[in-house]
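The values are calculated or read from the model by the stated rules, or taken from the named source; none is laboratory data. Quantities reported herein were computed from a predicted structural model and do not represent experimental measurements. Here the Cβ positions follow ideal geometry from the backbone for every residue, glycine too, while neighbour counts run over all protein chains shown.
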Amino acid sequence: MELYVERGFDETTVAEIAKRAGLTERTFFRHFTDKREVLFAGAAKLQDLFVEAVGEAVPDLPPVDAAIAGVVAAGALIQERRDFARQRYQIIAANAELQERELIKLAALSAALAGALRRRGVPDHAASLAAEVAIAVFRVAFERWVTDPVRLDLPQLMRESLDELRTVTADRGTG
């Protein structure tokens with residue numbers, strides 16, 4: 001991460017990463033397929049956390065709220081690594097290839113959330129919609145959290161973002 005911040009992602013080589021970490025390149029490649037994976041290595045753990053929290057949510061919870069339970073649980077874990085999250089966010093924001101990879105990761109998280117909702121008995125389309133909403137809430141809250149030097153409670157920001165979404169989508173009978 002330090003090298004990416006210092007030199008930029010594109011200018012940093014695997015050899016430099018391995019040297020900084022006190023490893024050989026061969027050892028690096030035992031853990032990562034390429035230098036991008038340093039930034040995305042925790043995706044499977046995060047996905048498992050999302051899915052597990054959805055599965056453990058109160059049975060009669062509406063689908064969106066069950067999906068939000070997943071992202072809030074992940075938010076609590078991510079919050080513990082705020083400095084890392086900020087650095088990672090800045091590195092990804094500065095590189096189109098990494099932004100694309102991040103979107104792929106978020107799509108996979110959405111699919112996993114939708115699958116967890118389907119296992120709760122939520123119909124296919126509703127599960128997909130609820131999962132996409134939860135990912136949108138996650139993204140908005142996460143971006144606010146990493147760019148705001150004051151706000152420290154990511155799960156709370158996620159709940160607030162869901163409340164904001166409910167406010168902007170409320171039917172006020174004006175249409």
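Being buried (at least 21 other Cβ atoms within 10 Å of the Cβ) and either more than 11 Å from the chain's Cα centre (by Cα) or not assigned by TED's automatic domain parsing to the domain that holds A134 (or both) narrows it down to one residue among A94, A76, A66; which is it?
A66
On the given criteria, is A130 touching a residue at least 24 places away in the same chain (Cβ under 8 Å), assigned to a helix (DSSP H, G or I) and crowded, with 18+ Cβ neighbours inside 10 Å?
yes
If you take the residues in region 141-163 that are of a type in the set (D, E, K, R) and closer than 26 Å to R88 by Cα, which one is modelled with the lowest pLDDT?
R151
Does at least one position in region 81-91 carry a residue that is among the aliphatic types (A, V, I, L, M), assigned to a helix (DSSP H, G or I) and in contact with a Lys or Arg (Cβ under 9 Å, 6 or more places away or on another chain)?
Among the residues of region 81-91, not one is among the aliphatic types (A, V, I, L, M), assigned to a helix (DSSP H, G or I) and in contact with a Lys or Arg (Cβ under 9 Å, 6 or more places away or on another chain), which makes the answer no.
With respect to the numbered conditions (1) in contact (Cβ under 8 Å) with a residue 24 or more places away in the chain; (2) in a helix (DSSP H, G or I); (3) not aromatic (F, W, Y), which one is the sole condition not fulfilled by A53?
(1)
Exactly one condition in (1) touching a residue at least 60 places away in the same chain (Cβ under 8 Å); (2) assigned to a helix (DSSP H, G or I); (3) under 23 Å from Q79 (Cα atoms) is false for L152; which is it?
(2)
Report whether or not F50 is out of contact with any Lys or Arg (no Cβ under 7 Å at 6 or more places or on another chain) and outside the structural domain of L129 (by TED's automatic domain parsing).
Judged against the criteria, F50 is not a match.
Does L117 fit the bill of being surrounded by 14 or more Cβ atoms within 10 Å (Cβ to Cβ), in the same structural domain as F50 (by TED's automatic domain parsing) and within 17 Å of the chain's Cα centre (by Cα)?
no
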